[in-house]
Amino acid sequence: MLLPLKPVRLLLTVGCLATAFFLVAAHEEDTTSVQLTKDNFQSEVDGTNYFVMCGHCKKLAPIWSKLAEAKNDDSAAQVKIGRVDCTTDGDLCSEQDVTGYPTLKFFKSNSASDDSVKYRGGRDLDSFNAFIREQLGLEDDDSEETVAEPPKPVSPLVELTDDTFAKHISSGKHFVKFFAPWCGHCTKLAPTWEELAKTLEHDTSISISKIDCTQYRPICTDFEVKGYPTLLWIEDGKKIEKYSGSRSHEELKAYVSKMAGGISVDEAAADAVDAADKDNTSVVLQLSQPDFQHAIDKGVTFVKFYAPWCGHCMRLAPTWEQLAEKFVGSDQVKIAKVDCTLEVNKELCGEQEVNGFPTIFLYRGGEKLGEYNGNRSLEDLHDFVTRHLGTDHDEL
């Protein structure tokens, strides 16, 4: 028998990659869930239980629409399904501490927003419904009191192959060890890597994996693996950065904890960006749709496409400024940036196939050579530009 429940407020906020915003017209638009913005967000969630999603997350949209159809017209469901577009309501997403996409949150009514529960489960109807029932305190009528069992491991050490690598890393957050069996340092790291995977085996938000570069060399070449072991942090198929810290279990665990929570913006980085903006001292060339083509027509232009609310972008900002300073006065190299959240630039970012933030492209003589997927350290970025300066590379 189900007892009446106290009112709760349920919020699932899902951001999406920039490309989805530009592709929204190419697929069926979700008109079933409620569109929430900064103007109506608070009044809506204060008065109604909400499960909210980004309107342009293409892969999730059909499932989200079905969930909305099932819940929004059912007064007994105690939940409404909505969506928030973080490309147009960046301030709202920032207020909700949205630093990665998708971000799913649950809020109880009359509770502070920092009491939210982050959703980390599967993105299917069964998982969403199970999560809703759990948060509402609903149980099956025939449920019996049982001794609690530990959750089933979901993130053990995964050994990747040529057949599984691309699909495995295509979505989510991954810490991948690229190794060779004959490598002494790899052998020494192996038990620690196993221990790290075991420590995080119940965490659905992160995958610890490894791939043998002697068997799958093309994959390792694509990710610019030049030595063993190489430890890379990968999100949604993109290499974010190369880990270069201590290989102790505690240090590796601390690194995963920092990265898996969505990049927390370093205060010094934020201060540096603010100072540059206030003093107009930035040496990075700010581009927009009208002047973009003219700017890239001559020489080498290294362009960062970003969103102001993006944690990874803010972390990269001071390094990008330092990179620009190294080429001050050069008539051959321009270090530039484009804000993809500005209305004037949305068409440009779509044309340039910006699939997430930050996206970094190298141009020479008006032609796009390709995307930079290397380490985002100042040294690596500078070496990359220098290598392509005055060369005849046709591709990255």
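The values are calculated or read from the model by the stated rules, or taken from the named source; none is laboratory data. As the structure is a computational prediction, the values presented were derived from the model and not from experiment. Reconstructed Cβ throughout: ideal geometry from the backbone, glycine too, with neighbour counts over all protein chains shown.
Within segment 313-329, residues that are farther than 19 Å from Gly374 by Cα have Cβ atoms under 6 Å from residues that are of a type in the set (D, E, K, R) and exposed (fewer than 15 other Cβ atoms within 10 Å of the Cβ) in no pair, counting only partners at least 6 apart in sequence or on another chain.
Of the residues making up segment 337-355, those that are surrounded by fewer than 20 Cβ atoms within 10 Å (Cβ to Cβ) and closer than 11 Å to Lys304 by Cα number 1. Of the residues Lys188, Lys198, the single one that is in a helix (DSSP H, G or I) and either surrounded by 13 or more Cβ atoms within 10 Å (Cβ to Cβ) or among the acidic types (Asp, Glu) (or both) is Lys198.
For segment 220-238, taking the residues that are modelled with pLDDT under 90 and not in a loop (DSSP other than H, G, I, E, B), the one that is nearest to Asn375 (Cα to Cα) is identified as Lys238.
Scanning segment 365-374 for any residue that is over 17 Å from Ile296 (Cα atoms) and not hydroxyl-bearing (Ser, Thr, Tyr) turns up at least one such residue. Sort out which residues of segment 167-204 are without any contact (Cβ under 8 Å) to a residue 24 or more places away in the chain and small (Gly, Ala, Ser), and write them in order of number. Across segment 167-204, the qualifying residues are Gly184, Ala190.
Within segment 201-235, the set of residues being of a type in the set (Gly, Ala, Ser) and buried (at least 21 other Cβ atoms within 10 Å of the Cβ) comprises Ser207, Ser209. Are any of the residues in segment 367-377 under 13 Å from Ser288 (Cα atoms), among the basic types (Lys, Arg) and crowded, with 16+ Cβ neighbours inside 10 Å? For segment 367-377, residues under 13 Å from Ser288 (Cα atoms), among the basic types (Lys, Arg) and crowded, with 16+ Cβ neighbours inside 10 Å: absent.
Residues of segment 239-247 include none that is assigned to a loop (DSSP other than H, G, I, E, B) and either at pLDDT below 80 or in the same structural domain as Phe361 (by the TED database) (or both).
Conditions tested, residue by residue: (1) of a type in the set (Ser, Thr, Tyr); (2) surrounded by 15 or more Cβ atoms within 10 Å (Cβ to Cβ); (3) modelled with pLDDT of 70 or more.
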position: Ala70; (1), (2), (3): no, yes, yes
position: Ser75; (1), (2), (3): yes, no, yes
position: Gln96; (1), (2), (3): no, yes, yes
position: Thr99; (1), (2), (3): yes, yes, no
position: Ser111; (1), (2), (3): yes, no, no
position: Phe131; (1), (2), (3): no, yes, yes
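Residues in segment 357-379 that are at positive phi and in a loop (DSSP other than H, G, I, E, B): Gly365, Gly366.
If you go through segment 181-205 and keep only what is of a type in the set (A, V, I, L, M, F, W, C) and within 16 Å of Glu250 (Cα to Cα), you end up with Leu189, Ala190, Trp193, Leu196, Ala197, Leu200. Is it the case that segment 382-395 has a residue that's touching a helix residue (DSSP H, G or I) at 6+ places or on another chain (Cβ under 9 Å), touching a residue at least 60 places away in the same chain (Cβ under 8 Å) and surrounded by 15 or more Cβ atoms within 10 Å (Cβ to Cβ)? Yes; the residues of segment 382-395 include at least one that is touching a helix residue (DSSP H, G or I) at 6+ places or on another chain (Cβ under 9 Å), touching a residue at least 60 places away in the same chain (Cβ under 8 Å) and surrounded by 15 or more Cβ atoms within 10 Å (Cβ to Cβ). All of Ala295, Ala307 fail the test of being hydrophobic (A, V, I, L, M, F, W, C) and modelled with pLDDT under 90, apart from Ala307.
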